[in-house]
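Some notes on the structure that comes next.
The values are calculated or read from the model by the stated rules, or taken from the named source; none is laboratory data. A quick note: this is a predicted structure, and the numbers were derived from the prediction, not measured. Note that we place each Cβ from the backbone using ideal geometry, even for glycine, and neighbour counts take in every protein chain shown. SASA here: full protein model, heavy atoms, side chains in, ligands and nucleic acids out. Shrake-Rupley method; radii C 1.70, N 1.55, O 1.52, S 1.80 Å.
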Amino acid sequence: MGEIKELEAPEDIPYSLFDEYTMNGDCIIEYNYANDCSAEIQKLFNDTFKQEIFSQYLTKAANKENFYYGPTDAWLYEALEKYPIKDKNICIIGSANPWYEAIAVTYGVKSCTVIEYSKRESFHDKIIYKQPHEMSDEKFDACFSISSVEHDGLGRYGDPLDPNGDLKAMQRLKDFLHDDSLVYFAVPVGADKIVFNVHRVYGYKRIDKLLEGWDVVDQYGFNENSFTNNFNGIDGTPYQPVYVLRKK
């Protein structure tokens, strides 16, 4: 694996960026802290990227069990039954553990390329790990982005601070896709909020910006109050319904 570079995630929003991060006061501001770019945390992450653990995940995925994000996984299974990924070359945006890689392999992908800030070593012949700077002009038939984009630009994972890092990530994602490719997509949904440096929550104002340039093909797990509840989820796990998207 090689030496893991020690980084320190930011604890506070820089004053010069505060208005942009909070959409000029249009979103709730809360603080939490995670330093998931530290050498210690990266070692914990890397310890899950092993064949033994992956085999356990494959069994859970085959049984359609839910994992860290709870009902989000059940909604993803529904989407994959209706919009299959069998024999497709897919990408996954971000991976703290190989759970969504296991779902992809279980549902019969031809290959799975995972785009992750941190260095990862492959342990399966269908899975390739790449850092963003290693990506070139590859195009994929489908993509998983499950609880990933809401972290972009907050520095938690060693990424540069950028109030619009999430919006830029959504636009960059289009470069990896064919015109008819589908994205299986989930972010925390509720009243507009930024919980610095952990994640964003998307309400009426921010979700429209995030999905600009995308067609919503289908959605799973939404309720009528999805974009208005100031709700952090069950046991601290954010409420994350699933979109199926196609670029316009």
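The table below lists the values:
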| quantity | calculated |
| --- | --- |
| DSSP bridge pairs, the chain: antiparallel proportion in percent, nearest 5 | 35 |
| Accessible carbon and sulfur surface of the range 143-248 relative to its total accessible area, %, 1.4 Å | 46 |
| Size of electric dipole in the chain: Cβ of Lys, Arg +1 and of Asp, Glu -1, about Cα centre, debye, nearest 20 | 640 |
| For the range 137-248: rounded, prolate or oblate by the Cα gyration tensor [a/c cutoff 1.5] | oblate |
| For the range 174-186, Karplus couplings with θ = phi - 60° (6.51, -1.76, 1.60), whole Hz, Gly/Pro x | 4, 5, 8, 10, 6, 4, 9, 5, 9, 10, 9, 10, 8 |
| Expected 222 nm ellipticity per residue - DSSP helices of 4 or more, -39500 (n - 2.57), all of the chain, to 500 | -6500 deg cm²/dmol |
| For Tyr129, residues with placed amide H under 5 Å, excluding near neighbours | Val114, Ser122 |
| Charge context of Val114, other residues only, Cβ under 12 angstrom, K/R +1, D/E -1 | 0 |
| Cut-off under 5 Å, modelled amide H: who pairs with Ala34 long-range | Asn197 |
| Principal axis dimensions, the range 8-121 - Cα atoms, whole angstrom, descending | 48, 33, 24 |
| Counted charge near Tyr31, where neighbours are those whose Cβ lies closer than 10 Å (Asp, Glu -1; Lys, Arg +1) | -3 |
| Distance histogram in 10 Å bins (all Cα pairs of the chain, percent per bin) | 7, 32, 39, 20, 2 |
| Neighbourhood net charge (12 Å Cβ-Cβ; Lys/Arg +1, Asp/Glu -1) for Pro163 | -1 |
| Overall dimensions of the range 134-193 by Cα: Rg and Dmax, Å | 12.6, 36 |
| Accessible solvent surface per residue of the chain, calculated while the other protein chains remain in place, 1.4 angstrom probe, Å² | 48 |
| Proximal lysines relative to Lys174, as straight alpha-carbon distance under 19 Å, when same-chain residues fewer than 8 apart are discounted | Lys88, Lys130, Lys139, Lys209, Lys247, Lys248 |
| Inter-probe distance in nm under a simple model that places probes 7 Å from Cα toward Cβ, at Glu224 and Lys50 | 5.0 |
